[in-house]
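J.: If you scroll down you'll find the structure; I have some questions about it.
Computed from the coordinates by the stated procedures, all read-outs in this text should not be read as laboratory data. Being a predicted model, the structure only gives us computed values, none of them experimental. Positions of Cβ are generated from backbone atoms using ideal geometry, with glycine treated the same way; all protein chains shown enter the neighbour counts.
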Amino acid sequence: NAGVTQTPKFRILKIGQSMTLQCTQDMNHNYMYWYRQDPGMGLKLIYYSVGAGITDKGEVPNGYNVSRSTTEDFPLRLELAAPSQTSVYFCASTPRGPVGEKLFFGSGTQLSVL
Amino acid sequence: QKEVEQNSGPLSVPEGAIASLNCTYSDRVSQSFFWYRQYSGKSPELIMSIYSNGDKEDGRFTAQLNKASQYVSLLIRDSQPSDSATYLCAVDTGRRALTFGSGTRLQVQP
């Protein structure tokens, strides 16, 4: 059972470039999340989705976009990358929401914008 | 005021001692509280959840919740070097997603 899979694991971008971070889960979870974690800090919510076709902004959505066309996939798009987006990005999922359920995390994507 | 606050540490304890990690939160409507452990370079993993005032024990871990004081803590008894990690407090504030604190780094000295 693969769980939550994130690709790529590492990426270096130049300022102004764009990229998509991929996240897929094979557990048929409805809720999916994107968090970013800056060095020595906690997790900040970027976007989340409660089901296919439904997404909503989190705490730090600026500079990012998401889509949820299927239950399995929740890609995160970075447009016009900036150094402030250098971070580790975690995708997570849970069956019915975070209350009473643990978050299943992917292994993370380390992104550097230079 | 941050929604979820933790002392960043590092908290250093000798092997075999009790480690006490603290977390305060600002939203009185919060009902669910979680402790995640994160090893360096790894993703967080859930170790404890607590929903009611009082203590909840699971092996060497005890979570304590005081909603009146808006305070949740994690005690680790008989600390081991393998417990060295960052511990993240997370709170459900009714927004369909958890809000995380910045984490406390724990170092257990052999």
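J.: Taking the Cα centre of chain A as origin, sum charge times position over the Cβ atoms of Lys and Arg (+1) and Asp and Glu (-1), and report the length of that vector in debye to the nearest 20. All intermediate terms of the calculation are to be shown ahead of the outcome.
T.: Working: 10 positive and 8 negative charges, 41 e Å.
Dipole magnitude for chain A comes out near 200 debye.
J.: Looking at chain A, identify the longest residue range that excludes and avoids all trypsin sites (Lys or Arg not before Pro) in DSSP loops having at most 10 other Cβ atoms within 10 Å.
T.: The reported range is A:15-114.
J.: How many angstrom separate the Cα center of segment B:2-39 from the Cα center of segment A:34-106?
T.: Their Cα centres are 23 Å away from one another.
J.: Once you list every other residue whose beta carbon is under 15 Å from the beta carbon of A:Q17, what net charge do they have if Lys and Arg are +1 and Asp and Glu are -1?
T.: On the way: positive: A:R11, A:K14, A:R77; negative: A:E79.
Surrounding charge for A:Q17 is +2.
J.: All other residues with a Cβ under 15 Å from the Cβ of A:G100 taken together, and with Lys, Arg as +1 and Asp, Glu as -1, what is their net charge? Please report the intermediate quantities before stating the final value.
T.: Details: positive: A:R96, A:K102, B:K56, B:R96; negative: A:E101, B:D92.
The answer is +2.
J.: Residue by residue through segment A:52-63, what is 3J(HN,Hα) from phi via Karplus (6.51 cos²θ - 1.76 cosθ + 1.60, θ = phi - 60°)? Round to whole Hz and write x for glycine and proline.
T.: 4, x, 10, 9, 8, 6, x, 6, 10, x, 5, x
J.: Each residue of segment A:35-44 in turn: what ³J(HN,Hα) in whole Hz from Karplus with 6.51, -1.76, 1.60 and θ = phi - 60°, glycine and Pro shown as x?
T.: Here the 3J(HN,Hα) series is 10, 10, 10, 7, x, x, 10, x, 8, 10 Hz.
J.: Kindly identify segment A:29-104 as rounded, prolate or oblate by the Cα gyration tensor criterion: order the square roots of the eigenvalues as a ≥ b ≥ c, call it rounded if a/c is under 1.5, otherwise compare a/b with b/c, prolate if a/b is larger, else oblate. Let's see the in-between values first.
T.: On the way: a/c = 2.39, a/b = 1.37, b/c = 1.75.
Oblate.
J.: How far apart, in nanometres, would the label points at A:S18 and A:D73 be if each is projected 7 angstrom from Cα along the Cα-to-Cβ direction?
T.: 1.6
J.: Here's a follow-up. When Lys and Arg each count +1 and Asp and Glu each count -1, what net charge do the other residues less than 15 Å away from B:P110, Cβ to Cβ, add up to? Walk me through the numbers before you get to the answer.
T.: Numbers: positive: none; negative: B:E15, B:D78, B:D83.
Around B:P110, the surrounding residues sum to -3.
J.: Name all residues of segment B:88-110 having a backbone nitrogen under 14 Å from the label point set 7 Å from the Cα of B:S40 along its Cα→Cβ direction, giving them as ranges.
T.: B:105-109
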